[in-house]
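Down below is the structure, laid out as structure tokens.
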Amino acid sequence: MNKEFSAWTKWQKRNSLNDIKFPGVYAIALSEKDISEKFFSWCSEIIYIGMTNAKGGLKSRLGQFENTIIGKDGHGGAVRVRFKYPYYNKLVPNLYVSVCPHKCNVQSNNPIDLRIMGDVAKFEYECFAIFVENFGKLPEFNDKKLSPKK
């Protein structure tokens with residue numbers, strides 16, 4: 001499964017990732033050591049796992065995350081991140097992202113595309129399960145009980 005995710009990329013360079021116009025799953029890590037360009041791995045630095053099946057794909061969803069950590073609203077997980085890390089300029093230098101795009105047409109009712117979109121949602125839950133198997137808990141900002149929005 002690790003080969004399906006991109007290498008870790010600095011948050012500021014997220015728009016350079018391949019195939020982010022498609023839906024998919026993404027993992028966000030917070031690390032003081034530079035993990036950019038390292039192969040994806042299940043690591044304790046992962047703070048959030050998310051997915052999108054929206055028309056704008058991963059690029060749009062990561063843009064919503066960005067807007068929210070800047071101070072706007074629009075992404076629930078990012079609101080929790082912003083609550084703990086309110087200073088964008090201190091947070092972003094240590095933020096990394098890895099994506100697993102699923103190529104399909106999200107506006108299609110073609111059975112192949114519909115199945116791929118279902119696979120995206122299922123894959124997000126597979127990622128949660130793998131993370132819990134490895135670390136005994138969900139990523140910090142996926143755990144709504146332990147990471148408040150306010």
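The values are calculated or read from the model by the stated rules, or taken from the named source; none is laboratory data. Owing to the predicted nature of the structure, the values given are computational and were not obtained by experimental measurement. All Cβ positions, even for glycine, are placed from backbone atoms using ideal geometry, and neighbour counts span all protein chains on display. With ligands, DNA and RNA removed, areas are computed over all heavy atoms of the protein, side chains included. Shrake-Rupley method; radii C 1.70, N 1.55, O 1.52, S 1.80 Å.
Of all residues being modelled with pLDDT of 95 or more and open to solvent by 90 Å² or more (accessible area, probe 1.4 Å) in the stretch 56-77, which is farthest from Val25 (Cα to Cα)? Just the residue, please.
Ile70
Results for (1) in contact with a strand residue (DSSP E or B) (Cβ under 9 Å, 6 or more places away or on another chain); (2) at pLDDT 95 or above; (3) part of a strand (DSSP E or B), shown as yes or no for each residue.
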position	(1), (2), (3)
Lys3	no, no, no
Arg14	yes, yes, no
Ala29	yes, yes, yes
Phe40	yes, yes, no
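Can you confirm whether Arg80 is among the charged types (D, E, K, R), farther than 23 Å from Pro148 by Cβ, open to solvent by less than 60 Å² (accessible area, probe 1.4 Å) and in contact (Cβ under 8 Å) with a residue 40 or more places away in the chain?
On the way: among the charged types (D, E, K, R): yes; farther than 23 Å from Pro148 by Cβ: no; open to solvent by less than 60 Å² (accessible area, probe 1.4 Å): yes; in contact (Cβ under 8 Å) with a residue 40 or more places away in the chain: yes.
In short, no.
State which residue is farthest from Pro139 (Cα to Cα) when the search covers only the stretch 22-55 and only residues that are among the hydroxyl-bearing types (Ser, Thr, Tyr) and open to solvent by 40 Å² or more (accessible area, probe 1.4 Å).
The initial filter retains those residues of the stretch 22-55 that are among the hydroxyl-bearing types (Ser, Thr, Tyr), namely 26, 31, 36, 41, 44, 48, 52.
Okay, now just the ones that are also open to solvent by 40 Å² or more (accessible area, probe 1.4 Å), so 41, 44.
Values: Ser41: 14, Ser44: 8 Å.
Filtering first and then ranking leaves Ser41.
Please work out if Gly71 is closer than 21 Å to Glu140 by Cβ and free of Cβ contacts under 8 Å to residues at least 24 places away in the same chain. Lay out the reasoning, then the answer.
Details: closer than 21 Å to Glu140 by Cβ: yes; free of Cβ contacts under 8 Å to residues at least 24 places away in the same chain: yes.
The answer is yes for Gly71.
When you scan the stretch 45-68, how many residues do you find that are in contact with a strand residue (DSSP E or B) (Cβ under 8 Å, 6 or more places away or on another chain) and assigned to a loop (DSSP other than H, G, I, E, B)? Write out each step before concluding.
Initially, the stretch 45-68 is screened for residues in contact with a strand residue (DSSP E or B) (Cβ under 8 Å, 6 or more places away or on another chain), giving 45-52, 57-58, 60-62, 65.
Pick out the ones that are also assigned to a loop (DSSP other than H, G, I, E, B) and you get 45.
Matching residues across the stretch 45-68 total 1.
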